[in-house]
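Worksheet for the structure shown next.
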Amino acid sequence: MTTIYLKPHKEESLKRWHPWVFSGAIARIALDKNYPYDEPQEGELVCVRASTCDVLGVGHWQVGSIAVRILAFGVEELPADFWSERIRAAYNVRKSVGLIRPDNNTFRLIHGEGDFLPGLIVDVYAETAVLQAHSIGMHLNREAIAKAIVGNVPQVKNVYYKSDDTLPFKAAIEGEKTGWLIADQLPAEENPDFWSVENGLSFRIDWLRGQKTGFFIDQRENRALVERYAAGKDVLNMFCYTGGFSLYALRGGAKSVDSVDVSQKAIDLVNVNVARNFPDADNHTAVAQDAFEYLSAQKAQNRTFDLIILDPPAFAKHRDAVKNALRGYQRINAKAIEMIRPGGILFTFSCSQAVDKEAFRLAVFSAAAQVGRKVRILHQLHQPQDHPINIYHPEGEYLKGLVLYVE
């Protein structure tokens, strides 16, 4: 195995179990004498040592500022049952916190660094697990990971691979980036098994063509909170995707629910989900339209709501875009606050990892001040228990949310 030697004192973060080795910390690379390359191949397992030659751990090599993502600390090689052990441990966490239930077969099984498997995301929908690799190392191990999932997660019979949008775009990637890795009990679209259940509500999951792995599991607990507040209210769900918040609001007894998304495909799925769960509902409207255009049109009609949900896609995918993202958050929140009736509630979110909690809160504060409404914070929201944050890797905290009471 190739050995990576660090510069003096650059091992401190790894001794605190932070899983990243930055390229600037590397002093030299000791290649195997028979190795035909100038540096390791992307995705290769490498051993990382301090300048004193102390073993720090084993991880995947990759091109870029993060040169190694550590998989195991204090060892020179991975144990033979590594994948099974990590997946079994992650499953036991979900089971211990009560996510594996007859009324809930939807959960995130692997959350990258939060489950000590950097570069890997796995979401479970009924009998199907959807695997996403964010590193070449995980891509190269996709088949072994799939076998370990089926072998250690009782409900999973199929594993679908969906990494076309997540792998490093500059890498020379061999093998398919999408497709079935294991397909023992494939669901047909007309089969009920194509549906997944979250807290007793059924959702049609389109892992083939949908965003991410097909659904935004990270909002499960926040959707349940919307249900608690929805009774008797006129609800507006912006950036609704396939209608998660809308279904919870309907079950919570909302007077009316409007679901808005720019994608017609998403709106079609919203209507399918509503019809499945509330076949007699006549208080739901779904609209395919740009969010800012929709809000402007509703304001022109003097329309207001009791409860508004803003769950936009990431406005900042990297730090260079943070300033523009904060302007976007301020603008969309100002428009929403304008349209909330006195005594109404706003659920507002940012999933941009590059935008920290304080910056997001300041953007929302600025929006409230711009509109001139008195606002109280009722809840500060974050990602749920199946999206854990490795305490040694605080960068894993990405979802931020506020629940506001608007006078």
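Is at least one residue of region 30-41 touching a residue at least 24 places away in the same chain (Cβ under 8 Å) and basic (Lys, Arg)? Among the residues of region 30-41, not one is touching a residue at least 24 places away in the same chain (Cβ under 8 Å) and basic (Lys, Arg), which makes the answer no. Selection of region 143-183 for residues being open to solvent by 70 Å² or more (accessible area, probe 1.4 Å) and assigned to a loop (DSSP other than H, G, I, E, B) yields PRO154, ASP164, ASP165, PHE169, LYS170, ALA172, GLU174, GLU176, LYS177. Across region 364-371, a minimum of one residue is classified as touching a residue at least 12 places away in the same chain (Cβ under 8 Å), more than 18 Å from the chain's Cα centre (by Cα) and closer than 27 Å to SER263 by Cα. Within region 133-142, the set of residues being open to solvent by 20 Å² or more (accessible area, probe 1.4 Å), without any contact (Cβ under 8 Å) to a residue 60 or more places away in the chain and within 19 Å of ALA67 (Cβ to Cβ) comprises HIS134, ASN141. Among the residues of region 314-336, some residue qualifies, meaning at least one is under 26 Å from PHE203 (Cα atoms) and either among the small types (Gly, Ala, Ser) or touching a Lys or Arg at 6+ places or on another chain (Cβ under 7 Å) (or both).
The set of residues from region 216-240 being open to solvent by 10 Å² or more (accessible area, probe 1.4 Å), touching a strand residue (DSSP E or B) at 6+ places or on another chain (Cβ under 7 Å) and among the basic types (Lys, Arg) comprises just one member, LYS233.
If you filter region 28-50 down to residues that are more than 31 Å from the chain's Cα centre (by Cα) and at pLDDT 95 or above, you find that the one that is farthest from PRO118 (Cα to Cα) is ALA50. Tell me, yes or no, whether region 72-83 has at least one residue that is β-branched (Val, Ile, Thr) and not in a loop (DSSP other than H, G, I, E, B). Within region 72-83, none of the residues are β-branched (Val, Ile, Thr) and not in a loop (DSSP other than H, G, I, E, B).
A quick yes/no check of all residues on (1) buried (at least 21 other Cβ atoms within 10 Å of the Cβ); (2) in contact (Cβ under 8 Å) with a residue 60 or more places away in the chain:
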site	(1), (2)
THR242	yes, no
TYR248	yes, no
ALA254	yes, no
ASP261	yes, no
ALA266	yes, no
LEU269	yes, yes
ALA275	no, no
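Only one of these is at negative phi, surrounded by 17 or more Cβ atoms within 10 Å (Cβ to Cβ) and part of a helix (DSSP H, G or I): ARG69, ARG86. Name it. Going through ARG69, ARG86 in turn, the sole match is ARG86. Among the residues examined, GLN385 qualifies as closer than 30 Å to ALA72 by Cα and open to solvent by 10 Å² or more (accessible area, probe 1.4 Å). For region 187-207, filtered to residues that are loosely packed, with under 15 Cβ neighbours inside 10 Å and modelled with pLDDT under 80, the residue that is nearest to PHE245 (Cα to Cα) is PRO192.
Taken over region 372-389, the criterion of being in a loop (DSSP other than H, G, I, E, B), in contact with a helix residue (DSSP H, G or I) (Cβ under 6 Å, 6 or more places away or on another chain) and either touching a residue at least 60 places away in the same chain (Cβ under 8 Å) or of a type in the set (Gly, Ala, Ser) (or both) is satisfied by GLN383, PRO384, ASP386, HIS387, PRO388, ILE389. What residue, of ALA288, ALA281, ALA314, ALA300, is over 23 Å from ARG341 (Cβ atoms), open to solvent by 40 Å² or more (accessible area, probe 1.4 Å) and of a type in the set (A, V, I, L, M)? Step by step, each of ALA288, ALA281, ALA314, ALA300 is checked, and only ALA288 is over 23 Å from ARG341 (Cβ atoms), open to solvent by 40 Å² or more (accessible area, probe 1.4 Å) and of a type in the set (A, V, I, L, M). Output the number of residues of region 202-252 satisfying the condition of being among the basic types (Lys, Arg), assigned to a helix (DSSP H, G or I) and farther than 27 Å from LEU181 by Cβ. Count: 3. Test GLN353 against the criterion of being closer than 30 Å to LEU71 by Cα, open to solvent by 10 Å² or more (accessible area, probe 1.4 Å), modelled with pLDDT under 95 and not in a helix (DSSP H, G or I), and give yes or no. Taking the combined requirement at face value, the residue satisfies it.
The values are calculated or read from the model by the stated rules, or taken from the named source; none is laboratory data. Computed from a predicted structure; not experimentally measured. Every residue, glycine among them, receives a Cβ derived from its backbone with ideal geometry; neighbour counts consider all protein chains shown. What goes into the accessible areas is simple: the full protein's heavy atoms, side chains included, and nothing from ligands, DNA or RNA. Shrake-Rupley method; radii C 1.70, N 1.55, O 1.52, S 1.80 Å.
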